[in-house]
Structure formats: C-alpha cells, structure tokens
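Student: Have a look at this one before I ask anything.
The values are calculated or read from the model by the stated rules, or taken from the named source; none is laboratory data. Here the structure is a predicted model, which means the values were calculated and not measured. Note that each Cβ is placed from the backbone with ideal geometry, even for glycine, and that neighbours are counted across all protein chains shown. In case anyone asks, the SASA skips ligands and DNA or RNA and just uses the protein heavy atoms, side chains included. Shrake-Rupley method; radii C 1.70, N 1.55, O 1.52, S 1.80 Å.
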Amino acid sequence: IGDFENGVIGYLDGSTYTEYGNMIRGLATTPPIHNNGTLVSLGELHILAETGVGSLTLNPQIQLRISTDGCRTWSVSKYRELGLVGQYRKILRWLGLGSFYEMSLEIQITDECFRAIHSAKYEMESEE
C-alpha cells in the first residue's frame, strides 16, 4: 500500500493500530438526540463495545464528550477504561450527564488497540 502524500510504502496488518507509526483516531458522533423540543435529562449512557482489548500493560480508554449547542462546543472529556487483555466484562457506563433540549455525543478511541463499538443505550427523562 502506498501513501499518496509522501510515497511511503506499507502493508495492511489486522493487528497493527497505527498508520506508519502515527496514531489513528477512531471517532463517532451521534445525530442530535432530542424529545421534540422538551427539556430532558440524560440519566445513564451505556456503550456496548469490545472490552479487554488492551495488553498486559496498556489499558486503553474510550472518551465521551457532549454538545448541547449543535456540535459547536464540547464538554470536558469523560473517560472509561476498555480493559487490559482478558478483562472482557468491563461495563462502559456514564451517569448524570445533564439536562438538554438537544444533545450530540462524541465517542473517541485513540489508544493502539482493537476498536469495535456495537451500540449505545441511554435513559432519558422529561423534565417538563
């Protein structure tokens, strides 16, 4: 495989999580979450993802940021560990994520590890 920017030649490897030694950022952003213009609170968020994907020494993390203004600004990052190798029962859960009329979520993984996000489940309650 050739890099179109600098001509470096490389190869595909399913167990390498960098590109020519540089970090690859895995990023997903949700469409807006809302309840038809009513104020709601997000009590819990669960992410179902592959866990136990680290090594004996690297415990990779998943990062969550929230926007309530149409993705113009983002909250401070909230992290959860994906787990060392073999820690397959990690629960990725965030509590008390605030109130909003409309919210988007951004999930990011930058550590060198296998990445697979399967689904997200959230619990919202109307405040009006």
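Student: Determine, from the Cβ-Cβ distance of Ile9 and Phe114 and an R0 of 22 Å, the FRET efficiency 1/(1 + (r/R0)^6), rounded to the nearest 0.05.
Tutor: Step by step, r from the Cβ atoms, then E = 0.35.
Student: Now, a different point. Go ahead and run the numbers for FRET between Glu128 and Met23, Cβ-Cβ distance against an R0 of 30 Å, rounding to 0.05. Walk me through the numbers on the way to the answer.
Tutor: On the way: r = 43 Å, r/R0 = 1.43.
The calculated FRET efficiency here is 0.10.
Student: Please list, in chain and number order, the residues 5+ apart from Leu48 or on another chain whose amide H is under 5 Å from its amide H, with Hs placed from the backbone.
Tutor: His118, Ser119, Ala120, Lys121
Student: Still on this model: Counting only protein heavy atoms, what percent of the accessible surface of the chain is carbon or sulfur at a 1.4 Å probe?
Tutor: On the way: 4190 of 8270 Å².
So the carbon and sulfur contribution to the accessible surface is 51 percent.
Student: A further question on this structure: Using every Cα-Cα pair within the stretch 1-117, state what percent have a distance larger than 25 Å.
Tutor: Tail of the P(r) past 25 Å holds 37 percent of the pairs.
Student: For Arg72, project a label point 7 Å along Cα to C-beta. Then give me every residue of the stretch 93-128 with its amide nitrogen under 19 Å of that point.
Tutor: Answer for this model: 99-106.
Student: Also, I was wondering about something else. Which order do peptides 10-17, 28-35 fall in by mean Cβ count within 10 Å, highest first?
Tutor: Put in order of decreasing packing, that is 28-35, 10-17.
Student: If you don't mind, another one. Using only the heavy atoms of the protein chains and a 1.4 Å probe, how would Val8, Val53 rank by accessible area, largest first? Please list the in-between numbers first.
Tutor: Details: Val8 60, Val53 30 Å².
Heavy-atom accessible area, descending, gives Val8, Val53.
Student: Follow-up. At 1.4 Å probe size, with no ligands or nucleic acids counted, give the accessible surface of Tyr20 in Å², nearest ten.
Tutor: Result for Tyr20: roughly 90 Å² accessible.
Student: For the stretch 47-128, what is the charge dipole size about the Cα centre, in debye to the nearest 20, if Lys and Arg each add +1 at the Cβ and Asp and Glu each add -1 at the Cβ? Before the final figure, lay out the partial values.
Tutor: Working: 9 positive and 11 negative charges, 75 e Å.
Value, rounded to 20: 360 debye.
Student: GluC sites (Glu not before Pro) within the stretch 1-99: which are DSSP loop residues with at most 13 other Cβ atoms inside 10 Å?
Tutor: The qualifying sites are Glu5.
Student: What is the set of long-range amide H partners of Val85 at a cut-off below 5 Å, with H atoms built 1.01 Å from backbone N?
Tutor: For Val85, the qualifying residues are Gly54, Ser55, Leu56.
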